[in-house]
């Protein structure tokens, strides 16, 4: 199939498909005699895998290491390990985000508690001093 049809089926822009090919993520592409790309049905699967994996937080470099050139040649142990690692990464990020949110809520509470007779600059200094900032 041609790139336009593949783009329509996957919902990915043609430029994105060509980019994945250029960085080695999409390796199933063949060239016709006239130079046009010819994509086999497996290209749909590969592109869908890339899209879902990116939504799950995998980088293109991580995907390059994970995706086998032939989808029938998966390294099960490597894949399971990579998925567990990504889950750990997400959990750490969630913890950090929760900590950041908590700190931000504390600062917001203090900023909103500005005394009526205090201007914003003085209030900012008051809040910053409470959190040992600045």
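Bear in mind these aren't lab numbers, they're just calculated from the coordinates by the rules spelled out. Worth saying up front: this structure is predicted, and the values here are computed from it rather than measured.
Below is a table of values for the structure above.
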| quantity | calculated |
| --- | --- |
| Prolate/oblate/rounded call for the stretch 79-134, Cα gyration tensor, a/c under 1.5 rounded | prolate |
| Degrees between helix 42-55 axis and first principal axis of the chain (Cα, 0 to 90, nearest 10) | 10 degrees |
| The chain: relative contact order in percent, alpha carbon pairs under 8 Å with at least 6 residues between | 15 percent |
| Alpha carbon convex hull of the chain, projected area averaged over orientations, nm² | 13.1 nm² |
| Alpha-carbon centroids, the stretch 25-54 and the stretch 105-132: separation in whole Å | 56 Å |
| Volume of the Cα convex hull of the stretch 1-74, divided per residue and given in Å³ | 86 Å³ |
